[in-house]
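Chemist: Below is a structure I'd like to ask you about.
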Amino acid sequence: MSATILDLLARHVGADKIIRVGGKDGGLYHSPCPACGGTDRFMTFPGQPGGDMAQQHGVNGTWSCPRHCQKGGDVISFLQEFDGMSFTEACAELDITVAKAPRTYRPLRRPQAATATFEPDAYQAPSAVWREHAAKLATEAHAALLREPSALRWLADRGLPLEAVTAYRLGWLAGEDRDGTKIFRQRAAFGLPPKTKDGREVRSMCIPRGITIPAWSRDGQCLRLRIRRPNRDLDASNPHDPKYMLVTQPDPKWSAPLVLPPVGVLPELATWVIVEAELDAMTLHHACGGRVGVVAVLSVAMRPDAVAHAALSVATRILVALDFDKPAEDGRPTPTAKAWPWWEAAYPHARLWPVPQGKDPGEAFAAGVALRDWVRAGMPLACAVPPAVRQDSGTSGPSPLVDPNGGRGEKALPAAVKPVRPWPEYFGDWMPPAAVVELAEFWPGKPLEFRKEGDGGGWRYDPDWAASYPQSLHDFLTMAEASDVWRWLDEHAADVVTSRNFLFIWG
């Protein structure tokens, strides 16, 4: 079939109501939602890759209705959601053959770990004296920021509202000198020795005014303090005048990437996004409600440190969203283009995922891009939203991303709730694919079973239960579409697979 996702959408809402609002590589389109109406609440990305099955057959296109239906997916799920097709019918409509390999029972293979040959750096925290005074300065700056409306507006315009400012403890330093552009502090107070300049001993250090961006340890220690200078303080005649400056640290400096881990997600099911700037990392982390991990590597040439590498190596997906600069006029590749081959080789589960508009997440947010949907489109279908604690067999499937700072008001999982691994003992320290994990956690208590019949198989379920809990059925079958789940069922020893024997692939 040659029809695109825009063609399919036009059948429901009319081509004249589909408006391109920007973007590259297929663009971003707004339109009414085929289900809930509206005028521009439905978003379509024709050029973005979809789920595993769609990607295998080169069928691009994703969609989302984030403000009302709170759903999204690829072209296959579009036909299921809005045309009432089954998964098999949707694939047939798109000329996708759902081929099932002959059933074999080969031993399970362990997933390949990251193949990076580099030795990640392990950074030592600055001295206790420096950390104490940096934390004091950062805390004072945070209190000052809450009284500085112009700085709060600047941060909100780049996706960091008051809730995020509070969560990441951003701050504002006002100048204390005559022209109000800098402050001075004694080097000795921060544990720094005097330095010599032009033959004279300098005992103070100069810190520019601006937004303070602290990097905190898990126990609340300030490990780094970076200042984002106001644009009006930059030298317009000097393109190399730095926007960001560090509060001086003793050697060796703490130059580790900023790591913002996902909250309430198993490490093996986590998706991580790689960006350059710390503010971009915070913007993305906040936009995704803390359920996606973000690493700010600070420079396109920098690599993950030991902490980041440990998390990235076991993740289910890494989205590399380094600043996407325009190609150089002399034809040389951009820094991002030169950096991507390293990430691709080091982490086989990484995907190049530039923002759909602008060069970084901050510019994309300012241009109106829904960052949460952009990240979601790059996640594996079965892991797009981590499973939550469910109260009964009819509870709907994947819960919305939890926003610890407010949002729609969902409650985060209690700290005492720990994910359980119900794997058979023969798995050892290995675990099934992420799609299988999610289905295994969602399935218990639901009257569905998979029966192998003839040269294929299919799902059977209690019609009364399905009528009572249609959303649960929809979410279950959506998770079950993942190619890893089909391969798992193919290799299962039983001809009838239920929630009780699903994980016991060898019977």
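The values are calculated or read from the model by the stated rules, or taken from the named source; none is laboratory data. If you're wondering where the values come from, they're calculated on a predicted model, not measured in any experiment. Glycine also receives a Cβ, built like all others from the backbone with ideal geometry; neighbour counts cover every protein chain displayed.
Chemist: Given the criterion among the acidic types (Asp, Glu) and either surrounded by 15 or more Cβ atoms within 10 Å (Cβ to Cβ) or within 26 Å of residue 291 (Cα to Cα) (or both), identify the matching residue among 179, 241, 251, 219. Full working, then the answer.
Modeler: Numbers: 179 fails: either surrounded by 15 or more Cβ atoms within 10 Å (Cβ to Cβ) or within 26 Å of residue 291 (Cα to Cα) (or both); 241 fails: either surrounded by 15 or more Cβ atoms within 10 Å (Cβ to Cβ) or within 26 Å of residue 291 (Cα to Cα) (or both); 251 fails: either surrounded by 15 or more Cβ atoms within 10 Å (Cβ to Cβ) or within 26 Å of residue 291 (Cα to Cα) (or both).
From the options 179, 241, 251, 219, the qualifying one is 219.
Chemist: Would you check if residue 333 is in a loop (DSSP other than H, G, I, E, B) and modelled with pLDDT under 85?
Modeler: Numbers: in a loop (DSSP other than H, G, I, E, B): yes; modelled with pLDDT under 85: yes.
When the stated conditions are applied, residue 333 passes them.
Chemist: Can you pull out every residue in region 193-217 that is in a loop (DSSP other than H, G, I, E, B) and under 38 Å from the mean Cα position of the chain (by Cα)?
Modeler: Within region 193-217, the subset in a loop (DSSP other than H, G, I, E, B) is 193-194, 198-199, 203, 209, 217.
The answer is 209, 217.
Chemist: Please determine whether any residue of region 263-272 is without any contact (Cβ under 8 Å) to a residue 24 or more places away in the chain, of a type outside the set (A, V, I, L, M) and surrounded by fewer than 24 Cβ atoms within 10 Å (Cβ to Cβ).
Modeler: First pass over region 263-272, keeping only residues without any contact (Cβ under 8 Å) to a residue 24 or more places away in the chain: none.
Among the residues of region 263-272, not one is without any contact (Cβ under 8 Å) to a residue 24 or more places away in the chain, of a type outside the set (A, V, I, L, M) and surrounded by fewer than 24 Cβ atoms within 10 Å (Cβ to Cβ), which makes the answer no.
Chemist: Now for a separate question. Can you pull out every residue in region 113-166 that is outside any helix (DSSP H, G or I), closer than 24 Å to residue 255 by Cβ and aliphatic (A, V, I, L, M)?
Modeler: 114, 116, 122, 125, 160
Chemist: Could I ask something else about it? From the residues in region 71-99 that are surrounded by 14 or more Cβ atoms within 10 Å (Cβ to Cβ), outside any helix (DSSP H, G or I) and charged (D, E, K, R), which one is modelled with the lowest pLDDT?
Modeler: Among those that are surrounded by 14 or more Cβ atoms within 10 Å (Cβ to Cβ), outside any helix (DSSP H, G or I) and charged (D, E, K, R), it is 71.
Chemist: Given the criterion assigned to a loop (DSSP other than H, G, I, E, B), at pLDDT 85 or above and not assigned by TED's automatic domain parsing to the domain that holds residue 317, identify the matching residue among 450, 502. Don't jump to the end; show me each part of the working.
Modeler: Details: 450 fails: assigned to a loop (DSSP other than H, G, I, E, B).
Matching residue, one of 450, 502: 502.
Chemist: Does region 122-147 hold any residues that are surrounded by 18 or more Cβ atoms within 10 Å (Cβ to Cβ) and either without any contact (Cβ under 8 Å) to a residue 24 or more places away in the chain or over 25 Å from residue 188 (Cβ atoms) (or both), and which are they?
Modeler: Once the filter is applied, which keeps residues that are surrounded by 18 or more Cβ atoms within 10 Å (Cβ to Cβ) and either without any contact (Cβ under 8 Å) to a residue 24 or more places away in the chain or over 25 Å from residue 188 (Cβ atoms) (or both), region 122-147 yields only 145.
Chemist: What pairs come up if the first residue lies in region 347-367 and is within 17 Å of residue 164 (Cβ to Cβ) and touching a residue at least 24 places away in the same chain (Cβ under 8 Å), the second is polar (S, T, N, Q) and crowded, with 23+ Cβ neighbours inside 10 Å, and their beta carbons are under 8 Å apart, counting only those six or more places apart or on different chains?
Modeler: Once the first residue is within 17 Å of residue 164 (Cβ to Cβ) and touching a residue at least 24 places away in the same chain (Cβ under 8 Å) and sits in region 347-367, its partners that are polar (S, T, N, Q) and crowded, with 23+ Cβ neighbours inside 10 Å give 361/283; 362/283; 365/283.
Residues are listed down the side, and each one gets a yes or a no for (1) in contact with a strand residue (DSSP E or B) (Cβ under 9 Å, 6 or more places away or on another chain); (2) farther than 30 Å from residue 309 by Cβ; (3) hydroxyl-bearing (Ser, Thr, Tyr); (4) not in a helix (DSSP H, G or I):
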site: 232; (1), (2), (3), (4): no, yes, no, no
site: 239; (1), (2), (3), (4): no, yes, no, yes
site: 242; (1), (2), (3), (4): no, no, no, yes
site: 245; (1), (2), (3), (4): yes, no, no, yes
site: 248; (1), (2), (3), (4): yes, no, yes, yes
site: 252; (1), (2), (3), (4): no, no, no, yes
site: 255; (1), (2), (3), (4): yes, no, yes, yes
site: 259; (1), (2), (3), (4): yes, no, no, yes
site: 264; (1), (2), (3), (4): no, no, no, yes
